[in-house]
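Since the structure comes first, as structure tokens, the remarks are kept for the end.
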Amino acid sequence: ASSVLLLVCLATAQSAPQSATSDLVSRAKEFLQRIDREYGDWNNRGTLASWAYASNITDENLANQLAISAEFAEYVRKVNVEVNAFPWRELEDYSLRRQFEKLSYPGASAFPKEKFAEYEETVSRMESVYATAKICDFVDSNKCDLPLEPDITEIFINSRNPEELKYAWKAWRDVSGKRVKADFVRYVELSNEIARLNNFTDMSAFWLKEYEAEDFEEQVAQLWQQLRPLYLQIHAYVRRALRIKYGEEVVPRDKPIPGHLLGNMWAQTWPNIVELSLPYPGKSLPDVTDEMIAQ
């Protein structure tokens, strides 16, 4: 009888931790499912408000966007309290633990309400300048209603006048970048405050956390070293093509390519100058339509 009692006690002792673990996992899943639904609703509201403001910049739409951001920040603060009270670090499931860890960072919601409002208003002012900045026409200086989209963008796509491109490049930065300089400086200060409130040294460290790799910067540096020889060849080839088009004075040999000649306001993509740089001019690209249809 004593042996049977001992076995029962041992079985009960072994099942208790398993039961507790199973209960913790169930609670964790239920919690995350609820937060996922709630975040989905909040993201939908926030996206609609942001789009309304971006597509129609009015004081009313701005006030609505800021109000929803403030409400969402309050919600995030409450979720953060719940997350910190939950024993998620005891979870063995990596995926569950990872989701809780992401929720443990309140982001900008770590700010008190007044500082959060300052941060959101600073960002909104910069967005407004970006969306509303206009320049004068290169030929008609009395026509000063050219926004980035679509007018200035089309200049970089279509114009092959280096002086017009240089003018548009500088003029738009004068009416946008210079106007947001003070706000941008404050934005950087506030962003770094946010990072420190989330236990990071600065915002760059907070951003890098999202990649979930301690050596992320080293990985990128290694990839760049692999790509660098090819990039240098492409750069030299495109520079030569632009020099043939615009001449040595506009595109000097062995110097950086003037950014305003690359068909893009930020010189980040070059397909808009493909007719100047595509190898074998006069040759047409193969049309694979018939073969694709056949397959």
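Answer yes or no as to whether residue 190 is in contact (Cβ under 8 Å) with a residue 60 or more places away in the chain, touching a Phe, Trp or Tyr at 6+ places or on another chain (Cβ under 7 Å) and either acidic (Asp, Glu) or farther than 30 Å from residue 71 by Cβ (or both). In short, no. Taking the conditions exactly as written (buried (at least 16 other Cβ atoms within 10 Å of the Cβ), in contact with a strand residue (DSSP E or B) (Cβ under 9 Å, 6 or more places away or on another chain) and in a helix (DSSP H, G or I)), does residue 152 satisfy them or not? So residue 152 passes the test. Name, by its number, the condition in (1) surrounded by 15 or more Cβ atoms within 10 Å (Cβ to Cβ); (2) modelled with pLDDT under 95; (3) more than 30 Å from residue 78 (Cβ to Cβ); (4) among the charged types (D, E, K, R) that does not hold for residue 127. Residue 127 satisfies every listed condition except (3). The residues of segment 155-169 that are surrounded by fewer than 18 Cβ atoms within 10 Å (Cβ to Cβ) and either at positive phi or in contact with a helix residue (DSSP H, G or I) (Cβ under 8 Å, 6 or more places away or on another chain) (or both), listed by number, are 157, 159, 160, 164, 166.
Considering the conditions (1) aromatic (Phe, Trp, Tyr); (2) farther than 30 Å from residue 171 by Cα; (3) part of a loop (DSSP other than H, G, I, E, B), residue 138 is excluded by exactly one of them, (2).
Of all residues in segment 209-244, those that are over 25 Å from the mean Cα position of the chain (by Cα), surrounded by 11 or more Cβ atoms within 10 Å (Cβ to Cβ) and either of a type in the set (Lys, Arg) or farther than 22 Å from residue 281 by Cβ (or both) total 3. Selection over segment 158-211 of residues that are of a type in the set (A, V, I, L, M, F, W, C) and closer than 21 Å to residue 109 by Cβ gives a count of 11. Count of segment 94-118 residues, restricted to those that are surrounded by 15 or more Cβ atoms within 10 Å (Cβ to Cβ) and part of a loop (DSSP other than H, G, I, E, B), is 4. Looking across segment 251-282, the residues that are of a type in the set (Gly, Ala, Ser) and surrounded by fewer than 18 Cβ atoms within 10 Å (Cβ to Cβ) come down to 259, 267, 282.
Test residue 121 against the stated conditions and say whether it is modelled with pLDDT of 95 or more and either surrounded by fewer than 15 Cβ atoms within 10 Å (Cβ to Cβ) or within 19 Å of the chain's Cα centre (by Cα) (or both). Answer is yes for this residue. Condition check for residue 137 on (1) surrounded by 15 or more Cβ atoms within 10 Å (Cβ to Cβ); (2) in contact with a Leu (Cβ under 9 Å, 6 or more places away or on another chain); (3) in contact (Cβ under 8 Å) with a residue 12 or more places away in the chain: one failure, at (3). Among the candidates 130, 237, 211, the residue that is among the hydroxyl-bearing types (Ser, Thr, Tyr) and over 23 Å from residue 264 (Cα atoms) is uniquely 211.
Scanning segment 263-295 for residues that are part of a loop (DSSP other than H, G, I, E, B), free of Cβ contacts under 8 Å to residues at least 24 places away in the same chain and of a type in the set (A, V, I, L, M, F, W, C) returns 266, 267, 278, 285, 288.
The values are calculated or read from the model by the stated rules, or taken from the named source; none is laboratory data. In this text, all values refer to a predicted model and were calculated from it rather than measured experimentally. Positions of Cβ are generated from backbone atoms using ideal geometry, with glycine treated the same way; all protein chains shown enter the neighbour counts.
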